[in-house]
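As structure tokens, the structure follows; a few thoughts come after it.
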Amino acid sequence: MTLPDAHSQIGSAVAVLRAGGTVAFPTETVYGIGADVSNSSAVQRIFEIKKRPADHPLIVHFADASRLHHWACEVPEQASRLAERFWPGPLTLILPRSRHVPKNVTGGQDTVGLRVPDHPVALALLTALGTEGALAAPSANRFGHVSPTTAAHVYDELGASVDMILDGGPCKIGLESTIVGFNGQTAIVLRPGGIPLAALAEVLSGKVVLPEREDRTVRVPGALASHYAPATPLELCSSVFLWPRALELATNGLRVVIMEWSSKELNDLNRAENEGIVRFAMPAEPAAYGSLLYATLRRFDHERFDRLLVEEPPDDSAWMAIADRLRRASCVPSYKIQNQDPIPRSEQEHYHEAR
């Protein structure tokens with residue numbers, strides 16, 4: 001197992017893929033583990049390496065938006081407009097699969113997730129596969145765990161089970177892509193991610209909605225109630241509960257780390273020193289926070305804390321993807337975000353107006 005210089009090793013990576021192997025590669029969101037979409041045994045290896053359920057679909061990555069109709073048998077106008085605006089980029093479109101997409105890639109569904117990533121290494125690899133080539137690629141980690149944002153993360157978790165890892169540096173966005181499906185003329189955000197709802201709504205004149213909780217007929221990656229979880233139990237707390245909860249846990253002999261983003265003045269109690277509690281400041285800007293989130297969770301796993309207390313993000317649509325990931329990673333419901341709506345109530349009427 002090696003971590004080769006990515007650009008100089010594209011040819012070797014293509015050879016590995018054509019021989020039925022797997023290659024981990026960087027994207028702007030997280031690192032993926034890819035296999036030739038047309039090689040069923042190679043795709044099966046991905047499920048085995050990740051310990052991923054067979055009915056949990058993979059995303060098909062390809063190099064050029066002009067090939068969208070090759071991989072989807074139907075492409076509504078809204079999908080074309082989003083692809084034109086956001087590809088290459090952190091957008092996955094859920095569309096009826098064409099005959100070129102095997103059902104083991106889609107988890108047995110008749111729809112497929114399609115994406116053109118925005119990373120020079122990923123695009124070089126996909127381009128080298130040729131116009132008919134594509135990779136079936138989920139995130140390069142064990143199923144349900146924190147996604148990797150560096151090549152070292154991939155190697156630490158998957159090791160020699162992956163045939164090659166292309167090191168393209170840290171991922172810029174650090175959170176998975178936004179997944180969008182379609183119902184008639186309406187786009188449905190099935191997973192928040194690297195593209196905000198406001199940006200989608202601007203392109204589609206507001207015709208963007210969120211699915212009802214009980215109405216998730218299409219299975220998509222990363223939508224399980226428990227996902228993106230670090231090994232260290234994570235509790236999502238409001239700012240007023242962070243320190244009292246940390247003191248409670250530390251009193252019971254646990255080593256606790258607090259991840260907070262707000263810059264509120266601390267009261268005398270919060271300034272009290274406790275050797276069992278470590279405080280860590282996260283960025284107060286959502287893009288910067290998202291790019292550091294997974295790497296920070298992995299860091300504290302390595303430092304072997306007993307509990308990770310994370311300050312709940314602002315109730316703002318710009319933080320939607322972060323709130324989604326933290327909610328799914330949280331292990332203690334009593335300290336989760338009380339308002340489970342993924343966007344502010346003040347903005348819900350705007351986003352649901354086309355329902």
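For residues that are assigned to a loop (DSSP other than H, G, I, E, B) and either buried (at least 20 other Cβ atoms within 10 Å of the Cβ) or not aliphatic (A, V, I, L, M) (or both), tally how many sit in the stretch 57-105. If you could, list the steps in order and put the result at the bottom.
Going residue by residue through the stretch 57-105, those that are assigned to a loop (DSSP other than H, G, I, E, B) are 57-58, 62-64, 73-76, 87-90, 98-105.
Those left that are additionally either buried (at least 20 other Cβ atoms within 10 Å of the Cβ) or not aliphatic (A, V, I, L, M) (or both): 57-58, 62-64, 73-74, 76, 87-90, 98-105.
Counting residues in the stretch 57-105 that are assigned to a loop (DSSP other than H, G, I, E, B) and either buried (at least 20 other Cβ atoms within 10 Å of the Cβ) or not aliphatic (A, V, I, L, M) (or both) gives 20.
For the stretch 177-196: of the residues being in contact with a strand residue (DSSP E or B) (Cβ under 7 Å, 6 or more places away or on another chain) and in a loop (DSSP other than H, G, I, E, B), which is modelled with the lowest pLDDT?
Ranking the qualifying residues of the stretch 177-196, first place goes to Gly194.
Which condition breaks for Glu157 when tested against (1) of a type in the set (D, E, K, R); (2) in contact with a Leu (Cβ under 7 Å, 6 or more places away or on another chain); (3) without any contact (Cβ under 8 Å) to a residue 24 or more places away in the chain?
Result: Glu157 fails condition (2) only.
Restricting attention to the stretch 27-40, which residues are surrounded by fewer than 21 Cβ atoms within 10 Å (Cβ to Cβ) and either in contact with a strand residue (DSSP E or B) (Cβ under 7 Å, 6 or more places away or on another chain) or within 12 Å of Val101 (Cβ to Cβ) (or both)?
Ser38, Ser40, listed by residue number.
Failed condition for Thr22, given (1) over 30 Å from Gly206 (Cβ atoms); (2) surrounded by fewer than 22 Cβ atoms within 10 Å (Cβ to Cβ), with all others met?
Single failed check for Thr22: (2).
Suppose the filter is out of contact with any strand residue (DSSP E or B) (no Cβ under 6 Å at 6 or more places or on another chain) and of a type in the set (Asp, Glu); does Glu84 pass it? Give the derivation first.
Numbers: out of contact with any strand residue (DSSP E or B) (no Cβ under 6 Å at 6 or more places or on another chain): yes; of a type in the set (Asp, Glu): yes.
The answer is yes for Glu84.
Does the stretch 118-149 hold any residues that are surrounded by 24 or more Cβ atoms within 10 Å (Cβ to Cβ) and part of a helix (DSSP H, G or I), and which are they?
Ala122, Leu125, Leu126
List, please: which pairs have Cβ atoms under 6 Å, are six or more places apart or on different chains, and start with a residue in the stretch 17-36 that is assigned by TED's automatic domain parsing to the domain that holds Trp87 and at negative phi and end with one that is basic (Lys, Arg) and surrounded by fewer than 24 Cβ atoms within 10 Å (Cβ to Cβ)?
These pairs meet every condition: Thr22/Arg45; Glu28/Lys172.
Can you tell me which residue among Ala199, Ala160 is in a helix (DSSP H, G or I), farther than 15 Å from Ala79 by Cα, out of contact with any His (no Cβ under 9 Å at 6 or more places or on another chain) and in the same structural domain as Leu123 (by TED's automatic domain parsing)? I'd like the intermediate steps shown before the answer.
Values: Ala199 fails: farther than 15 Å from Ala79 by Cα.
So the residue among Ala199, Ala160 that is in a helix (DSSP H, G or I), farther than 15 Å from Ala79 by Cα, out of contact with any His (no Cβ under 9 Å at 6 or more places or on another chain) and in the same structural domain as Leu123 (by TED's automatic domain parsing) is Ala160.
All but one of (1) in contact with an Asp or Glu (Cβ under 6 Å, 6 or more places away or on another chain); (2) surrounded by fewer than 19 Cβ atoms within 10 Å (Cβ to Cβ); (3) among the aliphatic types (A, V, I, L, M) hold for Ala152, so report the exception by its number.
(1)
Of everything in the stretch 311-326, what is crowded, with 24+ Cβ neighbours inside 10 Å and among the acidic types (Asp, Glu)? Give them in sequence order.
The answer is Glu312, and nothing else.
Would you confirm whether any residue within the stretch 337-352 is at pLDDT 60 or above, more than 18 Å from Pro192 (Cβ to Cβ) and either in contact with a Pro (Cβ under 9 Å, 6 or more places away or on another chain) or part of a loop (DSSP other than H, G, I, E, B) (or both)?
Within the stretch 337-352, the subset at pLDDT 60 or above is none.
Scanning the stretch 337-352 turns up no residue that is at pLDDT 60 or above, more than 18 Å from Pro192 (Cβ to Cβ) and either in contact with a Pro (Cβ under 9 Å, 6 or more places away or on another chain) or part of a loop (DSSP other than H, G, I, E, B) (or both).
Take the residues in the stretch 106-117 that are touching a helix residue (DSSP H, G or I) at 6+ places or on another chain (Cβ under 9 Å) and outside any strand (DSSP E or B), then tell me which one is farthest from Glu157 (Cα to Cα).
Of all residues in the stretch 106-117, those touching a helix residue (DSSP H, G or I) at 6+ places or on another chain (Cβ under 9 Å) come to 112, 114, 116-117.
Checking the rest, the ones that are also outside any strand (DSSP E or B) come to 116-117.
Values: Val116: 25, Pro117: 23 Å.
Only one residue fits best here, namely Val116.
Any idea how many residues of the stretch 96-114 are under 19 Å from the mean Cα position of the chain (by Cα) and of a type outside the set (S, T, N, Q)? Outline the logic, then answer.
Residues of the stretch 96-114 under 19 Å from the mean Cα position of the chain (by Cα): 105-107, 112-114.
Still in the list and also of a type outside the set (S, T, N, Q): 105, 107, 112-114.
Number satisfying all stated conditions: 5.
Can you find even one residue in the stretch 41-56 that is surrounded by 24 or more Cβ atoms within 10 Å (Cβ to Cβ), of a type outside the set (D, E, K, R) and either under 23 Å from Cys171 (Cα atoms) or touching a residue at least 12 places away in the same chain (Cβ under 8 Å) (or both)?
No, that holds for no residue.
Considering only the stretch 8-17, I want to know if a residue exists there that is in a loop (DSSP other than H, G, I, E, B) and surrounded by 19 or more Cβ atoms within 10 Å (Cβ to Cβ).
Among the residues of the stretch 8-17, not one is in a loop (DSSP other than H, G, I, E, B) and surrounded by 19 or more Cβ atoms within 10 Å (Cβ to Cβ), which makes the answer no.
The values are calculated or read from the model by the stated rules, or taken from the named source; none is laboratory data. Computed from a predicted model, the values in this text were never measured in an experiment. Don't worry about glycine lacking a Cβ; one is built from the backbone with ideal geometry, like all the others, and counts go over all protein chains shown.
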